[in-house]
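What follows is one structure encoded as structure tokens, with my remarks underneath.
The values are calculated or read from the model by the stated rules, or taken from the named source; none is laboratory data. Here the structure is a predicted model, which is why all the values come from computation and not from measurement. Cβ: placed from backbone, ideal geometry, glycine included. Neighbour counts: every protein chain shown.
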Amino acid sequence: MSSTAPTLSNRAWLMVALLWLVACLNYLDRMILITMRTSIKEAIPMTDAQFGLLTTIFLVSYGLLSPLGGFVADRFSRSRIIIFSLFAWSATTWLTAHASTFGELLFYRALMGISEACYFPAAGALLMDYHRNSTRSLANGIHLSGVMVGSGLGGLGGYIADRHPWTFVFELFGAIGVVYAVVLFFLLKDRPKDAPTTATPGTPVAAPGGNLFQAIASLFSRPAYILALLFWGLLGLASWSFIGWLPTYLTERFGLSQGEAGLTSMGYIYGGSLVGMVAGGFWADRWSRKSPRARIWVGVIGVLLATPAILVASNASVLALVLVALVIYGFARPFPDANMVPILCQIVDPRYLATGVGVLNMFAVFVGGATIYAGGALRDAKVDITTLFNCGAAGLVVCAVLLWFVRESKSKPVSP
């Protein structure tokens, strides 16, 4: 027993390290197309509406398939699903380089969304399998910090495309992902079923059961999950109402160029988020040793800290003060992200954890897409950006209230 536990602990952190790079590649591969707009439009003629449709079709296919991807991860080997998902979206990324028409590009972006839909539900659930109680939030936070790095590295697409054909970018990162999938085949493993657990006594052990409809019915039979879903969707709405129009705001308010505004807004926010994602997870794990609601409280605190940061950023007349507010927002806003999957472990039937993550993903994607469109419509109606930001801040306050009322489930799953 004594020799097995350290080995399992080391393997648990190895899983975090391996999945960090997958998360980084996941967002890098989805972002590079956006950063190469000019090069792609020169090679394949299309309207701006058609170019926007490339992202829309990705989000729709990704969102619709996320619950199914999560359910598959609940029924079969999570590590194998992660490897298959990485291989599939990386191969799709490579194939995108060989598209010669808009129709082919559209098909590959839809395929990208389908192939990525399995990853985050399976990865989040696999980390929860390995990490119990005192390390769950930190493990999840470190994993999601890869998303921040991948989002930032997405800008490499435009940089490389300025020096090489745009097809080279897709071939390069697609090939990297395929090779890494082969590496993971030998390194990424499910948690051994007979491994000792440090879970709280009485916590039910996950076991496959039912079908997708039964899984969704189980999730929505729990008021805590419904509150968590509403929280997650409203959090996306409030966040996108700020992030989506921040570069435009900096350009109009402070006279920054398009490039300066984009780099400034994303650089300061993602820089703060990279630290905040890990710090929020570490703090929640430490606090959870004394209180089972610590992860919820850390999420609430993060949201409440992010709220005044939005108000300062949207009303300050000095750019330096805005930048400080962006760092604070970037640091605090990821606190609930680092803790969301661990919170789900407390409120859903463990057999359907990945399905629960998939449903949350679907809701967040659809809400985010609708928010971006609604923001554009409001701008067309001459609504001031500051008004959008203030609405986002108000939305964060409602988010904090919703999360506060989430309670740990005491019910046990029905034996399959």
Please count how many residues of segment 137-178 are within 30 Å of G280 (Cα to Cα) and outside any helix (DSSP H, G or I).
2
Answer yes if at least one residue in segment 12-26 is closer than 23 Å to G356 by Cβ, surrounded by fewer than 23 Cβ atoms within 10 Å (Cβ to Cβ), out of contact with any helix residue (DSSP H, G or I) (no Cβ under 7 Å at 6 or more places or on another chain) and not assigned by TED's automatic domain parsing to the domain that holds V357, and no otherwise.
no
Scanning for something within 25 Å of N133 (Cα to Cα), at pLDDT 95 or above and assigned by TED's automatic domain parsing to the domain that holds G369, does segment 312-322 turn up at least one residue?
no
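Out of the residues in segment 244-263 meeting the condition of being part of a helix (DSSP H, G or I) and surrounded by 21 or more Cβ atoms within 10 Å (Cβ to Cβ), tell me which one is nearest to the chain's Cα centre (by Cα).
If we filter segment 244-263 for residues that are part of a helix (DSSP H, G or I), which is where we start, we get 246-254, 258-263.
Checking which are surrounded by 21 or more Cβ atoms within 10 Å (Cβ to Cβ) leaves us with 246, 249-250.
Details: L246: 20, Y249: 25, L250: 25 Å.
Here the answer is L246.
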Do the conditions hold for T92, that is, is it in contact with a Ser or Thr (Cβ under 7 Å, 6 or more places away or on another chain), touching a residue at least 60 places away in the same chain (Cβ under 8 Å), farther than 23 Å from R351 by Cα and not in a loop (DSSP other than H, G, I, E, B)?
yes
Given L127, L111, which one is at pLDDT 95 or above and farther than 16 Å from F84 by Cα?
L127
Looking only at segment 314-329, decide whether some residue is touching a helix residue (DSSP H, G or I) at 6+ places or on another chain (Cβ under 9 Å), of a type in the set (S, T, N, Q), surrounded by fewer than 24 Cβ atoms within 10 Å (Cβ to Cβ) and free of Cβ contacts under 8 Å to residues at least 40 places away in the same chain.
yes
